[in-house]
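S.K.: Dropping the structure in here first, questions after.
The values are calculated or read from the model by the stated rules, or taken from the named source; none is laboratory data. Here the structure is a predicted model, which means the values were calculated and not measured. With ideal geometry, Cβ positions are generated from the backbone for all residues, glycine too; neighbour counts draw on all protein chains shown. Remember, those area values only see protein heavy atoms, side chains included, never the ligands or the DNA or RNA. Shrake-Rupley method; radii C 1.70, N 1.55, O 1.52, S 1.80 Å.
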Amino acid sequence: MTNSFADFMKAKMIMMVGTNMSEAHPVAATFVKDAVLAGAKLIIVDPRRTEMVDFAELHVQLKVGSDVALINGIMNVLINENLYDKEYVDTCTVGFEELKAKAMEYPPERAAEISGVPADMIRDLARRLASTKPAMLMYTLGITEHICAVNNVMSCANLQMLLGNVGFECGGVNPLRGQNNVQGACDMGALPNVFPGYQRVDNADARAKFAKAWNVESLPDKPGMMMPTMLENLPTGKVKALYVFGENLANTEPDIRHVEHCLESAEFMVCQDIFPTETTRFADVILPAAAWSENDGTFSSSERRVNRVRTASLAPGQAKPNWWIFKEIAKRMGHDWASNSAQEIWDNEVSVLAPSMAGIKYRRLENDGIQWPAPTEDHDGTPTLHKDGKFTCGLGVLKAIDWIPPAEVPDQEYPMVLSTGRRLYHYHTRTQTGRCEGINVLLSEETADISAADARKKGIADGEMIKVKSRRGEVKVRARVTREVPEGLVWMAFHFREGNANWLTNPAYDPITQTAEYKACAVRIDKI
Amino acid sequence: MADLSYVIYDFQGGEIMNETFVLDGKETPFRPGQTILEAAKNGGVVIPSLCYLKGSTPTGACRICCVEVKGARSLMAACSTPVTPGMEVMTDSELVHKARKMNVEFLLASGRHNCLTCEANGNCRLQDLAYFYKITELKFPEKPDEDIYPTEDINPLIVRDFSRCILCGRCVQACNEVVVNRAISQGYRGVTSKIVTGGDLPYHESECVFCGQCVEVCPTGALTEKKAQGLGRHWETEKIRTTCPYCGVGCQQWLHVKDGKIVKVTAVEDAQPNQGRLCVKGRFAYEFIYSEDRLKTPLIREKNGFREASWDEALDLVASKFKEIIQKDGPDAIAGVSCARSINEDSYQMQKLFRAVIGTNNIDHCART
Ligand code: SF4
Ligand code: SF4
Ligand code: SF4
Ligand code: FES
């Protein structure tokens, strides 16, 4: 996030796009609700009538995957009615003329046709957004789990820059991160193209710096494979060995059948986890790891805040901290690493090598943690990025972006759209929440959420077992008839192995980030 | 002109406090808009309270915070009375203590406050006040059994013991004004008063989303965590601060630990980012770590399933297999997926293993999902 959670409560105008915040980030949602009680205006852009709609003054119920068209339509109005922040655009950004030309191709009527949002509502929405400054934009996976993930994200950024909202408290572009430490895993360089602190592997200076620190002669300069490519390359034999640390790929990735085929083809697979999972079934070696409260360490949250994690109890049996396991493998491959605790790793390596975290040391993390960038030890951290519209890399770039439809759209055979997400009571594949007393009572099985209209059409009663089928598979699952979903949409989660939406989802990916299109594929539903 | 010796910088509000009032005979600075309860803290005086909940509208329900204000006809509730310049407030007078003590005596008689059997023993504001006022016996007739609502313990996570509810309304404030889940309210009237969900249903059949904020703020043992029952008294547990393992908000938690085992989880008050709040996962989904299903020893695949192995054997196998593949097919034939739930230091080590030891950039994690 460019901004902080502390801003949520103080915001005057909030636009939430593709985020089911009260279920996926419940505490963040409480701050938005507080803001509304204090008089803030809330606009929700979502195909579903999520719980937060109760607090909104406007629910823009767009069609799944039409975000770019809608935002282009909004920008069309902002530009034509001269409602955008001209001064900000002139002084802080480049690319306005291209953006304008593109936005002109999306008059509200055209945007309406694609998104299903009435043209007048698009105009109204644009005017409302321009009426209060700054406005805060938040999004989650509704924006990113599409084949046009990058385009969607850039559209959000376009809109906020056009409105002059980036670089101010209670403004900005704010993706809420799903896992506690996705932010951290990225920051640490668990990505194929960057070292810790986002230093590129194809930069010779960066390589030289890390090679020296890690005591090796050279480091690979070619960006590596992203996860979907790794999986694809297992059956082809290009990838022989796969090392899976803590991820339950066999349940979380789209098209389970195909994923399992890939995992099966691995010549050698190592799994490092705290539980046996659907994925560890494919392993050749399973390494038992210490869990969350059995470790000292740090997590980095969505607001770039580095927080401490502390040990409360010992790991069971012979389970060991993950960092120790990696160190031991390195040793057996001829590399002796000096750091011998999470604190030593952070203080002596991470914060020395990543300039944006140079000022963060364990002894400074006793209380509320620090938000990077914190380049020096007397720096208090950065709650708001791009302060006053001064972008880290010069000027903010406005990009002309075209709308493209999802990879798979409904047809005669599969007439409905399946979209997926998370529910309040469980977390991902339930390896953890499923083992906590009480939680399973609150949510004990998967459902397929459908509208009353579709239920009536098919003669399906609430709570009846139905069949949901896509080109990739089918599941039997209980129907939940709800006003949350519009006609034509089926909505499911992936918390349970049975009825897991990923038997159905489409492994189509954004070409740049390889994010899978979990939010849209074509399905049919039938009575059993 | 205001006496500058009283001009102090208040970090919370970031404003200069240059007005004063008289607190127990001492001139004390305050910020316009502060209540007596808040302003008393500027002078180092903590006025006891039960129903007052920071960040929500004061209800003035319990009258424990009563103070004497010169010129006023009756005692005033400090939590809901704003300070005015020159106001003379007495927090420590005989009249004040008499009134407070009587209030506590009323509350003690309003239910069944037998601390011995109460989960909140040692962590109860009513108990603290009864102790402070040296109350050793009930002064007022106890509420009859038939007027006490039966305890709700059929919902999976929260015990609602109405015999210990003093109707302070903090839970209602928290649910409606802090987390805004709007699941509970003050119901019925007079002696039949009760904190109710819509339709007076048990929590799990209501709008309640089990965030547990009501439990967090309840000053007595009326609302407690079901899973914590009998696992440890408040004074037997150690509090360890940590970060929630679930979503990317990064809520700050207190783990209440006894003998190396988490008894319950509460929120760190005033901490960023969560400011004393948690959700159902952060508060109630912690005991997976003690599950019998945990992987406890390295395992190596055999023809029919897995067999247990020592660390040395398992790690040697991994290292030698990797070396063999690197030699035969090159380092790019190995790929790794790191964990977006584990600590930073683990991800750092894994990418270092892949880049510096194996020699490939084939390292990713599931940020894409
Ligand atoms: S349940 Fe607790 S917080 Fe709620 S009114 Fe009763 S005593 Fe107060
Ligand atoms: S658990 Fe949360 S939602 Fe339920 S009554 Fe308590 S505060 Fe309200
Ligand atoms: S308590 Fe809930 S909202 Fe907070 S970090 Fe944990 S899962 Fe997220
Ligand atoms: S704390 Fe002031 S009336 Fe209860």
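S.K.: Cβ-Cβ under 6 Å, sequence separation 6+ or interchain: first residue in segment B:150-165 and more than 12 Å from chain A (Cβ to nearest Cβ) and of a type in the set (S, T, N, Q), partner in a loop (DSSP other than H, G, I, E, B) and within 10 Å of ligand 1 (Cβ to nearest atom). Which pairs?
M.R.: B:151/B:161; B:163/B:111
S.K.: Given the options B:117, B:84, name the one that is without any contact (Cβ under 8 Å) to a residue 12 or more places away in the chain and either within 30 Å of the chain's Cα centre (by Cα) or more than 23 Å from residue B:160 (Cβ to Cβ) (or both).
M.R.: None of the other options fit; the residue is B:117.
S.K.: Report yes if residue A:434 is in a helix (DSSP H, G or I) and either in contact (Cβ under 8 Å) with a residue 60 or more places away in the chain or open to solvent by less than 30 Å² (accessible area, probe 1.4 Å) (or both), otherwise no.
M.R.: When the stated conditions are applied, residue A:434 passes them.
S.K.: In addition: If I filter segment B:267-277 for residues that are closer than 19 Å to residue A:290 by Cα, open to solvent by 10 Å² or more (accessible area, probe 1.4 Å) and not in a strand (DSSP E or B), do I get at least one hit?
M.R.: no
S.K.: Right, residue B:203: among the aromatic types (Phe, Trp, Tyr), modelled with pLDDT of 95 or more and in contact with a Lys or Arg (Cβ under 6 Å, 6 or more places away or on another chain) or not?
M.R.: no
S.K.: Taking residue B:323, is it touching a residue at least 24 places away in the same chain (Cβ under 8 Å), surrounded by fewer than 24 Cβ atoms within 10 Å (Cβ to Cβ) and at the interface with chain A (Cβ under 7 Å from one of its Cβ atoms)?
M.R.: no
S.K.: Condition first: more than 7 Å from chain A (Cβ to nearest Cβ) and farther than 30 Å from residue B:254 by Cβ. Now tell me which residues in segment B:285-316 satisfy that.
M.R.: Listed by number, the residues that qualify are B:302, B:303, B:304, B:305, B:307, B:308, B:309, B:310, B:312, B:313.
S.K.: In addition: Can you pull out every residue in segment B:85-115 that is in contact with a Gly (Cβ under 9 Å, 6 or more places away or on another chain), in a loop (DSSP other than H, G, I, E, B) and farther than 30 Å from residue B:150 by Cβ?
M.R.: Hit for segment B:85-115 is B:87, nothing else.
S.K.: Could you count how many residues in segment A:370-426 are of a type in the set (S, T, N, Q) and either at positive phi or open to solvent by less than 50 Å² (accessible area, probe 1.4 Å) (or both)?
M.R.: 5
S.K.: Also: Is it the case, given these coordinates, that residue B:278 is free of Cβ contacts under 8 Å to residues at least 60 places away in the same chain and closer than 18 Å to residue B:157 by Cα?
M.R.: In short, no.
S.K.: Hey, another quick one. Here are some residues: B:59, B:91. Which one is within 13 Å of ligand 4 (Cβ to nearest atom) and more than 22 Å from residue B:185 (Cβ to Cβ)?
M.R.: The match here is B:91.
S.K.: Can residue A:367 be described as in contact with a Leu (Cβ under 8 Å, 6 or more places away or on another chain) and facing chain B (nearest Cβ under 9 Å)?
M.R.: Considered against the rule, which asks whether it is in contact with a Leu (Cβ under 8 Å, 6 or more places away or on another chain) and facing chain B (nearest Cβ under 9 Å), residue A:367 comes out as no.
S.K.: Next question, about the same structure. Tally the residues that are facing chain B (nearest Cβ under 8 Å) and either farther than 24 Å from residue A:508 by Cβ or buried (at least 23 other Cβ atoms within 10 Å of the Cβ) (or both), restricting the search to segment A:229-255.
M.R.: 12
S.K.: When you check residue B:232 against the structure, is it away from chain A (no Cβ under 12 Å) and more than 16 Å from ligand 2 (Cβ to nearest atom), yes or no?
M.R.: yes
S.K.: Return yes or no: is residue A:103 within 14 Å of chain B (Cβ to nearest Cβ) and buried (at least 21 other Cβ atoms within 10 Å of the Cβ)?
M.R.: No; evaluated as a whole, the condition is false for this residue.
S.K.: Next question, about the same structure. Output the number of the condition that residue B:126 fails; it satisfies all remaining conditions of (1) touching a residue at least 40 places away in the same chain (Cβ under 8 Å); (2) within 23 Å of residue B:192 (Cβ to Cβ); (3) out of contact with any Pro (no Cβ under 7 Å at 6 or more places or on another chain).
M.R.: (3)
S.K.: Given the criteria buried (at least 19 other Cβ atoms within 10 Å of the Cβ), outside any strand (DSSP E or B) and at pLDDT below 95, does residue B:62 qualify?
M.R.: yes
S.K.: Any idea which of (1) open to solvent by less than 60 Å² (accessible area, probe 1.4 Å); (2) away from ligand 4 (no atom under 16 Å from the Cβ); (3) within 14 Å of another protein chain (Cβ to nearest Cβ) is the one residue B:204 doesn't satisfy?
M.R.: So residue B:204 meets the others, but not (1).
S.K.: Right, here's the next one. Assess whether residue B:248 counts as being without any contact (Cβ under 8 Å) to a residue 12 or more places away in the chain, away from ligand 1 (no atom under 16 Å from the Cβ), open to solvent by less than 10 Å² (accessible area, probe 1.4 Å) and on the phi < 0 side of the Ramachandran plot.
M.R.: In short, yes.
S.K.: Just wondering, is there one or more residues in segment B:341-354 that are over 25 Å from residue A:326 (Cβ atoms), under 29 Å from the mean Cα position of the chain (by Cα), touching a residue at least 12 places away in the same chain (Cβ under 8 Å) and at the interface with chain A (Cβ under 7 Å from one of its Cβ atoms)?
M.R.: No, the conditions are met nowhere in segment B:341-354.
S.K.: So, one more: So residue A:145 passes all but one of these: (1) touching a residue at least 60 places away in the same chain (Cβ under 8 Å); (2) over 15 Å from the mean Cα position of the chain (by Cα). Which condition number does it fail?
M.R.: (2)
S.K.: I'd like to check something: does segment A:21-40 contain any residue that is in contact with a strand residue (DSSP E or B) (Cβ under 9 Å, 6 or more places away or on another chain), buried (at least 24 other Cβ atoms within 10 Å of the Cβ), among the small types (Gly, Ala, Ser) and assigned to a loop (DSSP other than H, G, I, E, B)?
M.R.: no
S.K.: When you check residue B:310 against the structure, is it surrounded by fewer than 20 Cβ atoms within 10 Å (Cβ to Cβ) and more than 38 Å from the chain's Cα centre (by Cα), yes or no?
M.R.: Spelling it out, residue B:310 is indeed surrounded by fewer than 20 Cβ atoms within 10 Å (Cβ to Cβ) and more than 38 Å from the chain's Cα centre (by Cα).
S.K.: A follow-up question, please. I'd like the full set of residues that are open to solvent by 50 Å² or more (accessible area, probe 1.4 Å), closer than 25 Å to residue B:158 by Cβ and not in a loop (DSSP other than H, G, I, E, B), limited to segment A:441-477.
M.R.: A:441
S.K.: Now for a different question. Please go through segment B:128-182 and give me each residue that is open to solvent by 60 Å² or more (accessible area, probe 1.4 Å), charged (D, E, K, R), away from ligand 2 (no atom under 16 Å from the Cβ) and assigned to a loop (DSSP other than H, G, I, E, B), ordered by number.
M.R.: If the condition is that a residue be open to solvent by 60 Å² or more (accessible area, probe 1.4 Å), charged (D, E, K, R), away from ligand 2 (no atom under 16 Å from the Cβ) and assigned to a loop (DSSP other than H, G, I, E, B), then B:134, B:137, B:139, B:142 are the ones that fit.
S.K.: List every residue pair whose Cβ atoms sit under 6 Å apart, with the two residues 6 or more apart in sequence or on different chains, where the first one lies in segment B:188-200 and is open to solvent by 70 Å² or more (accessible area, probe 1.4 Å) and the second, anywhere, is of a type outside the set (A, V, I, L, M).
M.R.: Final answer for the pair search is B:188/B:194; B:191/B:147.
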